[in-house]
Amino acid sequence: MMQKILILGAGPAGMAAAFELYRAGKSFIVIEKNAQVGGLARTLQYGGFRTDIGPHRFFSQNQYLYDFIEDLLGEHWIKVDRLTRFYINGKFFFYPVELKNALLNVGPYKAFRILFDYLSERVKKIFVNRSPVSFEEQIVSDFGRALAELNMLNYTEKIWGLPCSEISPDWSKQRIKGLSLKEVIKKALIKSKKGPKTLVDQFYYPDLGTGLIYEKIKERILSELGGGVLRLNSYPVKIIHGDTKITEVVVNIEGNNQVIKPEHVISSIPITEFVNLLEPKAPNEVLEAAKNLKFRSHVSLFITVNKPSVFPDQWIYFPDKEIPFGRIMEPKNFSKKMSPADKTSLLVEFFCWENDKIWNASKEELFELSIKWLEKLGFIRREEVIDYFVHKEKYAYPVYDLNYKENSGKVKSYLRQFRNLQLIGRAGCFRYNNQDHALEMGILAARSIIEGKQYNIEEVGAEEEYFERGYVM
Ligand SMILES: Cc1cc2nc3c(=O)[nH]c(=O)nc-3n(C[C@H](O)[C@H](O)[C@H](O)COP(=O)(O)OP(=O)(O)OC[C@H]3O[C@@H](n4cnc5c(N)ncnc54)[C@H](O)[C@@H]3O)c2cc1C
């Protein structure tokens, strides 16, 4: 094959790399196992209904990325007024926090408890100077136990399927760095004074779903001007290497094996899969470390509904343990174009392990589990349901357990010997990236090749404040 640059995976990271190479006039080949580009950020279509795989709100500290997307989408890049809530113990809490709503919901005793626990932690910090060793210790120390237990610990355990004492404090460092009760109250007060709208109150969104960004990149890179090739329904079978280079990659392209001899490889496929395709095999301790890297999976039930609207929120979180799902989104509240005008849809999200009860549940079982609650919550009635569909993603979240850093470090340091290999993206780097950082990683990997200069891709997002310093995903 002619192309000397091989990109594995056509999610946001791989597509950004492809686009940057295309703009520099380079030829490349992208290999993607799905029939569609966009990875976890693709948009699924069921007749006249569209949905993303979970809510995809674009946020970045980097203006370059907004310009990058605006250039691709033009008038399809719309601004959305955000409304998101938590449902806890039968009450709806606005998120980000609105002080009046929060105080009315928790009542005076709980409010006092939250303040008391928080102040106790502040005092404790003066006398005990010990770094938290788990997510639980970190959160309790930052917010006090009462607030931590109200939703942060519950919700986190639901997402990760692990007790918070077994989750690395890195998770909180990456997601809620610097947030404190003081800051939550300050923000809530500023918000209640009706200040100008910020990127917390509004966000940008492609009007046909987040996957439109990657579909537009696809259109551009496949235009006649470029030397780009994209192969869908294709995947690597074997990655052959010498001491310092990947020399050949056998790829299955729509059913036929072909050999690519790449000068450069950019990989965004799960690092655990990549390392297992190597030939000669990676050392046992590297394979063992890869085996110990866990991914949390995501199952979603998409329900089409015969009424124009269900709730006003883009999504609602459900931390309570008795409720089997973790979040529900209504795609139409991101963009009217996600549903026919007189109808709407809901995406009910379950966080699970591959092959557990939820993963293996039938479509009908997931529907029965969900509809019971949707009726109880007053959202929809069974007879309003038009149809329902299930979607599964095995590699949804890299799990930051207490040993993840050591394990991913072992695998990455072994792979670093291959000088023509760059790892990018969420599963590719085993990093909890959102689209913005996946895009940045892809762009930097391409620039490393174009400019012959090494960028430190691992550093992308490492020092930045994340999201609105919120603690939810
Ligand atoms: C439920 C949920 C909610 C999210 N919410 C947000 C949000 O609000 N905002 C936000 O910005 N981001 C959000 N994200 C994260 C966002 O989806 C990811 O950050 C982004 O998709 C990562 O891009 P990537 O290219 O690194 O990886 P991926 O999207 O995982 O893409 C990797 C690609 O590689 C392909 N691949 C895998 N294995 C192989 C193989 N063996 N051979 C060939 N191809 C392969 C996959 O099919 C995929 O297309 C959310 C993710 C989830 C799961």
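Any read-out appearing in this document is the output of simple, stated calculations on the displayed coordinates, not a laboratory observation. These numbers come from a predicted model, not from an experiment. Note that we place each Cβ from the backbone using ideal geometry, even for glycine, and neighbour counts take in every protein chain shown.
List of remarks:
- Rounded to the nearest 10 degrees, the inclination of helix 435-451 to the longest alpha-carbon principal axis of the chain is 20 degrees.
- A simple count of charges around Pro132, restricted to other residues whose Cβ falls under 10 Å of its Cβ and scoring Lys, Arg +1 and Asp, Glu -1, yields -1.
- Likely footprinting exposure, Ile213, Ile450, Ile29, fewest C-beta neighbours within 10 Å first: Ile450, Ile29, Ile213
- Difference of contour (0.36 nm per residue) and Cα-Cα distance, Leu83 to Lys110: 7.2 nm
- With neighbours defined as other Cβ atoms within 10 Å of a residue's Cβ, the residues His76, His264 order from fewest to most as His76, His264.
- 19 Å cut-off, amide nitrogen to a point 7 angstrom out along Glu459 Cα→Cβ, residues in the stretch 411-425: 413, 416, 422-425
- The C-alpha atoms of the chain define a longest principal axis, and helix 363-376 lies at about 30 degrees to it.
- Protection proxy ranking for 84-92, 396-404, using the average of other Cβ atoms within 10 Å per residue and placing the highest first: 396-404, 84-92.
- Residues Tyr109, Tyr455, Tyr95, ranked from the fewest to the most other C-beta atoms within 10 Å, line up as Tyr109, Tyr455, Tyr95.
- Estimated from helical segments only, the mean residue ellipticity of the chain at 222 nm is -10500 deg cm²/dmol, where each DSSP H run of four or more residues counts as -39500 (n - 2.57).
- Cα-Cα pairs of the chain separated by more than 42 Å (percent): 17 percent
- Extension gain from Lys321 to Glu365, taking 0.36 nm per residue of separation minus the Cα-Cα distance: 14.0 nm
- Average Cα contact separation per residue, the chain, under 8 Å, 6 or more apart, as relative contact order %: 25 percent
- In this structure, Lys173 and Glu383 have a Cβ-Cβ separation that, at R0 = 56 Å, corresponds to a calculated FRET efficiency of about 0.75.
- Over 24 Å apart at the Cα level, from the set Lys294/Lys357; Lys26/Lys245; Lys392/Lys412; Lys125/Lys405; Lys100/Lys332; Lys218/Lys337, are Lys392/Lys412; Lys125/Lys405; Lys100/Lys332.
- Dipole check for the chain: with +1 at the C-beta of Lys and Arg, -1 at the C-beta of Asp and Glu, and the Cα centre as origin, the magnitude is about 860 Debye.
- Fully extended contour minus Cα-Cα distance, from Val250 to Lys336, at 0.36 nm per residue: 26.6 nm
- Whole-angstrom gap from the stretch 338-386 to the stretch 275-301, using each part's C-alpha centre: 31 Å
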